[in-house]
1. Sort the range 15-55 into rounded, prolate or oblate with this rule: let a ≥ b ≥ c be the square roots of the eigenvalues of the Cα gyration tensor; rounded if a/c is under 1.5, and if a/c is not under 1.5, prolate when a/b is larger than b/c, oblate otherwise.
2. Rounded, prolate or oblate: which fits the chain when a ≥ b ≥ c are the square roots of the eigenvalues of the alpha-carbon gyration tensor, with rounded for a/c under 1.5 and prolate only if a/b beats b/c?
3. Of the chain, which part is the longest with no chymotrypsin sites (Phe, Trp or Tyr not before Pro) in a loop (DSSP not H, G, I, E, B) and with at most 13 other C-beta atoms within 10 angstrom?
4. What FRET efficiency, computed as 1/(1 + (r/R0)^6) with R0 = 25 Å and r the Cβ-Cβ distance, is obtained for residue 91 and residue 19, rounded to the nearest 0.05?
5. Mind giving me the nanometre distance, one decimal, between the label points for residue 40 and residue 60, set 7 Å out from Cα along Cα→Cβ?
Amino acid sequence: MKYVLLIRDDESVSPSEEELVADPGHRAWQADLDRRGAEVYGARLRPVAEATTVRSRDGETLVSDGPFAETKDFVGGIVVLECAGPDEAVEIAAGHPYARWGAVEIRPVWE
């Protein structure tokens, strides 16, 4: 079954790309994904300052800069997994380094 991990982060403590690549915890987590063969796709997202929110109301398109809500917590990346079941998805999410200061939300893919 496929699951999406929504990596929820706080930009005030989020590491730079260089720090993330050098982080032993992140490298170990990625090695575990590789060993399991569970990762279908993953990507880190650009900062929320570069986001655009689009709404369509009564035939009118409303475009605003930034995220939908003012919050310190934001989706900073996604990882699509192929897992045997929810227990494996939880195990993988718990090992993600961002789970230590942010959160990792697991969503089953509706196929």
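1. It comes out oblate by the Cα gyration axes.
2. It is oblate, given that a/c is not under 1.5 and a/b is not larger than b/c.
3. Of all site-free stretches, the longest is 1-67.
4. The value I calculate is 0.50.
5. 3.8 nm
All of the numbers you see were taken from the coordinates with simple rules; none came from a lab. What you see is a predicted model, and the numbers here were worked out from it, not measured in a lab. Reconstructed Cβ throughout: ideal geometry from the backbone, glycine too, with neighbour counts over all protein chains shown.
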